[in-house]
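Remarks on the structure that follows.
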Amino acid sequence: MTETKQKRKPRKYTDEFKQQLVDLYHSGKRRCDICREYDIAHSLFDKWVKQAEHSGSFHEKDNRTPEQEELLKLRKENQQLKMENDILKQAALILGRK
């Protein structure tokens, strides 16, 4: 018999909640106790602590390195250039038929 695992829906946490847990940790409460009590994955909690210490923000865009920002910018620019190139190819095909 195989059991089907029910997937848990991703939960949303407010910035205030995240900060409260980080504050608990900084005040001396053990990481494992916080994760167990609030049913939070250790890796997720570690991410929150790192974000709070790095930028004070729990938003991904505020915690990117300059290299990550540049990569995102270049990917966006590359996508734009691909679209423009496709448009020019279509225009050349249309004009070539006339």
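The values are calculated or read from the model by the stated rules, or taken from the named source; none is laboratory data. Given the structure is predicted, the values throughout are model-derived calculations rather than measurements. Methodologically, a virtual Cβ is constructed for each residue, glycine included, from the backbone with ideal geometry; neighbour enumeration extends over all protein chains shown. Note: areas computed on protein heavy atoms with side chains; ligands, DNA, RNA excluded. Shrake-Rupley method; radii C 1.70, N 1.55, O 1.52, S 1.80 Å.
Remarks
- Across the chain, C-alpha contacts under 8 Å between residues 6 or more apart give a mean separation that, scaled by the residue count, equals a relative contact order of 15 percent.
- Cα-projected label distance for Lys12 with His54, points at 7 Å along beta-carbon direction, nm: 2.3 nm
- Only protein heavy atoms count here; under a 1.4 Å probe, Asp23 has an accessible surface of about 80 Å².
- In the chain, the portion of solvent-accessible area held by carbon and sulfur atoms comes to 53 percent [1.4 Å probe, whole percent, DNA, RNA and ligands not counted].
- Accessible area in the full protein assembly, largest first, 1.4 Å probe, for Tyr38, Tyr13: Tyr38, Tyr13
- Ordering Ile94, Ile87 by accessible surface, largest first, gives Ile87, Ile94; the 1.4 Å probe counts only protein heavy atoms, with every chain in place.
- Of the DSSP H helices in the chain, those whose Cα atoms cover at least 20 Å axially and whose Kyte score averages -1.0 or more: 66-97
- Estimated distance in nm for a label pair at Lys89 and Leu72, the labels positioned 7 Å out from Cα along Cα-to-Cβ: 2.9 nm
- Between Asp46 and His26, the simple label model (points 7 Å from Cα in the Cβ direction) yields a spacing of 2.0 nm.
- GNM top mover of Leu88, Leu72, Leu21 - the chain, alpha-carbon springs below 10 Å: Leu88
- Solvent-accessible ranking of Leu74, Leu24, largest area first, probe 1.4 Å: Leu74, Leu24
- Accessible area expressed per residue, the chain, with surrounding protein chains retained (probe 1.4 Å, Å²): 90 Å²
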